[in-house]
Amino acid sequence: MQENLNLFADLYQLRGKVRQQQLENILQATDLQPLLKKYAGNLSGGQQRRLNFAIGVLQPAQLYLLDEVTVGVDSLNRQRLLTYIQQLRDSGKSIIYTSHYLHETEAIAARIILLDHGRIQCDIDTRSSLKQVQQLQMHWPEQLPASLASFCTGLGLHAKYTRSSLFIAEITEQQFLALYQFIAASAQLPCKIDYSQPSLEQFYLKMTGGVL
């Protein structure tokens, strides 16, 4: 594997201190140092993915194109790769990152384009778009209060119900406060309340008509 890295360092024309620093950086980011004496063909699938990533970011650049880099990588090393990508981002590098793991994308991207069947569904600025929407989930030990559904309808809320739970995809602060006061006065109190911003995955499912 050491020969693979040296070959690409030569192809990238890396010399001297830059070469040494880049090799040290990627070996630390990918935790490949203990594997340097192994043949690349004898590496596991996850180790080969880490080697591919190391080769891809070995050359200093202003723009990096990264496609599904964490597929097949274990949880610990997946986090190492994501941390290095965040470091590249924070140092001013531009990164185009494609992934089916939306929680990863949400963690590292300032702008996200969601595709469905090859078509752009939405273009999101993660610093503002997701923060404009709140969602609400409530769970009761046994069953919902009898008049809860009619009260939500009166507030203009579009809710989904089960026998003991309530889910509202979009709710304003004023609507939440009104609903909270209604429930607090009820004889049947919920055992769990989750009032929060939706995850990117939930946002995507909503945009594409999936089930939340």
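Count of segment 175-193 residues, restricted to those that are modelled with pLDDT under 90 and of a type outside the set (A, V, I, L, M), is 2.
Considering Thr70, Thr105, which residue is hydroxyl-bearing (Ser, Thr, Tyr) and part of a helix (DSSP H, G or I)? Walk me through how you get there before you give the answer.
Numbers: Thr70 fails: part of a helix (DSSP H, G or I).
Being hydroxyl-bearing (Ser, Thr, Tyr) and part of a helix (DSSP H, G or I) holds for just one of Thr70, Thr105, which is Thr105.
Residues in segment 20-41 that are over 31 Å from the mean Cα position of the chain (by Cα) and either among the polar types (S, T, N, Q) or modelled with pLDDT of 95 or more (or both): Gln20 only. Say whether the condition of being touching a residue at least 40 places away in the same chain (Cβ under 8 Å) and touching a strand residue (DSSP E or B) at 6+ places or on another chain (Cβ under 9 Å) is met by at least one residue in segment 16-35. Scanning segment 16-35 turns up no residue that is touching a residue at least 40 places away in the same chain (Cβ under 8 Å) and touching a strand residue (DSSP E or B) at 6+ places or on another chain (Cβ under 9 Å).
Set side by side, the residues Gly56, Gly118 differ, and just one is surrounded by fewer than 18 Cβ atoms within 10 Å (Cβ to Cβ), over 21 Å from Leu5 (Cα atoms), of a type outside the set (D, E, K, R) and over 12 Å from the mean Cα position of the chain (by Cα), which is Gly118.
Residue-by-condition table, conditions (1) more than 15 Å from Thr30 (Cα to Cα); (2) among the β-branched types (Val, Ile, Thr):
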site: Leu43; (1), (2): no, no
site: Gly46; (1), (2): no, no
site: Arg49; (1), (2): no, no
site: Val57; (1), (2): no, yes
site: Pro60; (1), (2): yes, no
site: Tyr64; (1), (2): yes, no
site: Asp67; (1), (2): yes, no
site: Asp74; (1), (2): no, no
site: Gln79; (1), (2): no, no
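The values are calculated or read from the model by the stated rules, or taken from the named source; none is laboratory data. Everything numeric in this text was worked out from a predicted model, so none of it was measured. Note: ideal-geometry Cβ built from the backbone for every residue, glycine included; neighbour counts use all protein chains shown.
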